[in-house]
Each structure stands twice: as C-alpha cells, then as structure tokens.
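Written below as structure tokens is the structure these notes are about.
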Amino acid sequence: MSDTNPPRAGATRCQARLFNADAPDREVACEALAHVKLDDDQLLWVDLVNPDKTMLEQTWRGCDLPRAARDFLDAGTSPELQKQAGWFWLRVVAVVDPRIDGIKGSVLAIIASEHVVVSIHQQEIEFIQTLREREDRHSSIGQLSTDSFVASLLDWQLSTYFDAVADFEIGVERLEVDILAEKPTKSLPELQRLRRAASRLRRMLAPHRSVFSALSRPDFRPDESREAERHFGALDTRFERAMDMVENARDLVIGSFELFSNKTALEVNRSMKILTFATVVLGLLATIAGTLGMNFDASFFRSHDTGFWIALGGMVALGVASLVLARWFKWL
C-alpha cells in the first residue's frame, strides 16, 4: 500500500506476556517461548517490533506458528486475511502519523490460534504500547478468548482512523475561520492539503473492507463461540462507521471549498462595485470636462484662471459628494 511507511532500520524488540485469568500476568523471555505450557485460562501475547530474521525464526519455532503465515509477512502491505488448520492471520494498516500534511500508516500483522496471539509491525504503534501499559500486571485479558483479544486489537487499530479524522475536522474548522477572516486566496494551499489528506485516509481504510467483512461471516470461525462472532460483527459495524467518517471528511472539504468559492465571489463582487462606481464618477467628470472644452465664446470661458479653479473645485466637490453618498447608502 503506497500510503504506509516502508520497513526501516531501527531497534528490534520482542515482548511476550502471559495473561492469566486467576493469577498475576507475567513477562516471558522470547527465548523461552518454546517452554511455555498454556492452560485453558491463559493467553500468550507476543509483540514484535521491526524483527530481524533471527527473531522471526525464534518466534515461529517457540510458538509453533504455521509456515504459510511466515510467507504471508512478505507478501505485501495491503489488508488481507487468511486461515489454516485452526490458525488465522491478517494484515491491517494503522495510522501512526495523523498530521494533515503527512498522514502515514504502518502495517500490523496478527497471527492467532487458541491461546496464542502474535502481533508484528515495523515501527512503534502507539495504541499497542498504551494497551501494554494499561494492562501492566493484574489484567483480565486472560479471561478473553483469542478471537476476542484479536477483535480488541483491531478495534484499537480502527480507533487510529477515528483519531485522525478528529484531527482532520479541527483542521477544517481552522481553515473555515481563516476563510471568513482574511482574503480567501491565502487559504487555497491549506484547502489543497486537506483534500489530499482526506483522499489518503480513504485509500488507507477502504481496502480493509474485505478483512472485516470476512471476519464477521459465520463461516469464518464456525467452531468458535457466539461471543466471538458478536465481537467480529461489532467490529465490522465499527469499520463501516469509520468509513462513514472518512467519507464525511471528504464532504467537509467540499463544503469548505464552497465556502471558499462564495467568499471569493463576494470579494470579486465588492471589487466590481468599486470599479463600477469609479467608472460612473469618472465618466461624469469627463462629461463636465468635455463640456467645458467646447469651443463656444461664452462669457464663462473668458474668466481665465478664476474659471479654471472654479471648474476644478466643482469637479472635486462632485467627486467627494459622490463618495459620501455611496458610503451613506452602503454602496461601497
């Protein structure tokens, strides 16, 4: 996907946590994953950040992950969902930089089976760190099924789009204030940035429809509980809400453009009114000057300097009076 950040060199990190329903959670060394024996009331979450080949192979052996999921990691960046023999794995994109002038996403891969969830991403994703800090020691995540925990991660992932749209809406409000407060031409670059940002958000989110719709179908995990089916169904509904908000973001830009166009039209109308008034006044003065330049031997034309200054003063007085009259009737 073109709107995601490419893998970049940086610190690798492997964090594994064993969630227990009836006991304190505990951290597990990634080297010891193969020695962890999971009970029905336990859930193992392994989070890998920018893993190298050695770390991936260690995790695959320790958690006995399917080889097809390993090949899936290198198959692209577009959202996708696959499953095999009790395992399922998917790829989604989370927003990691919501700034209007540079919205960026990061690929998040999730591999899951009974009691095991592995998340893999090339750079830090804020909501994952927030989740780990919130559920530091005595959490209740161990009571969740694997499907429910994956649904929670995906719900957090969708929240990054809601947050990005919220920042976007603030940007639109500031733009509209600027349009009404200053010359609208100064707001045109910001309007262009918002339009690009709205399109980028939609390009990042829209391809997820195939993932969330597949998760919510009854045939995806027919052997799992109805609770997991409800969670995935709610997740699909939340995705549709996110899509509606992104589409609304595009409509907001269109509305701002209409405001921009109307304000520009008002500025043009004001300029045309000034030009029209100036044309009328100057035309009237030109008519007077033309009349005074007629070659008739009237006594007035023999007044020499006095007549010149009288005519000039009269035209100036007429111009000032026209300006005062226009301001009085709010023509200008």
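The values are calculated or read from the model by the stated rules, or taken from the named source; none is laboratory data. These figures come from a predicted structure and were not determined experimentally. Every residue, glycine among them, receives a Cβ derived from its backbone with ideal geometry; neighbour counts consider all protein chains shown.
Could we say that VAL116 is surrounded by 20 or more Cβ atoms within 10 Å (Cβ to Cβ) and more than 11 Å from GLN157 (Cβ to Cβ) here? So that I can check it myself, show each step before the final result.
On the way: surrounded by 20 or more Cβ atoms within 10 Å (Cβ to Cβ): yes; more than 11 Å from GLN157 (Cβ to Cβ): yes.
Spelling it out, VAL116 is indeed surrounded by 20 or more Cβ atoms within 10 Å (Cβ to Cβ) and more than 11 Å from GLN157 (Cβ to Cβ).
Go over the candidates ALA16, ALA69 one by one and state the one that is in a strand (DSSP E or B) and in contact with a strand residue (DSSP E or B) (Cβ under 6 Å, 6 or more places away or on another chain).
Working: ALA69 fails: in a strand (DSSP E or B).
Exactly one of ALA16, ALA69 is in a strand (DSSP E or B) and in contact with a strand residue (DSSP E or B) (Cβ under 6 Å, 6 or more places away or on another chain), namely ALA16.
The conditions are (1) at pLDDT 90 or above; (2) within 18 Å of LEU44 (Cα to Cα); (3) in contact with a Ser or Thr (Cβ under 6 Å, 6 or more places away or on another chain), and GLY86 fails exactly one of them. Which is it?
Answer for GLY86: the failing condition is (1).
Being of a type in the set (Asp, Glu) and either surrounded by 22 or more Cβ atoms within 10 Å (Cβ to Cβ) or out of contact with any helix residue (DSSP H, G or I) (no Cβ under 6 Å at 6 or more places or on another chain) (or both) is the filter here, so list the residues in the range 75-113 that pass it. Before the answer, list the steps.
Kept after step one, since they are of a type in the set (Asp, Glu), are these residues of the range 75-113: 80, 97, 101.
Selection gives GLU80, ASP97.
From the list LEU205, LEU180, LEU175, LEU188, which one is touching a residue at least 24 places away in the same chain (Cβ under 8 Å) and under 11 Å from the mean Cα position of the chain (by Cα)?
That would be LEU205, the only listed residue that is touching a residue at least 24 places away in the same chain (Cβ under 8 Å) and under 11 Å from the mean Cα position of the chain (by Cα).
Considering only the range 19-28, state which residues are under 37 Å from the mean Cα position of the chain (by Cα) and in a loop (DSSP other than H, G, I, E, B).
Hit for the range 19-28 is ASP25, nothing else.
Filter the range 1-33 down to residues that are small (Gly, Ala, Ser) and loosely packed, with under 11 Cβ neighbours inside 10 Å and give me whichever is modelled with the highest pLDDT. It would help to see each step written out before you state the result.
First, the residues of the range 1-33 that are small (Gly, Ala, Ser): 2, 9-11, 16, 21, 23, 29, 32.
From the residues that got through so far, the ones that are loosely packed, with under 11 Cβ neighbours inside 10 Å too are 2, 9, 11, 32.
On the way: SER2: 44, ALA9: 46, ALA11: 78, ALA32: 86.
Filtering first and then ranking leaves ALA32.
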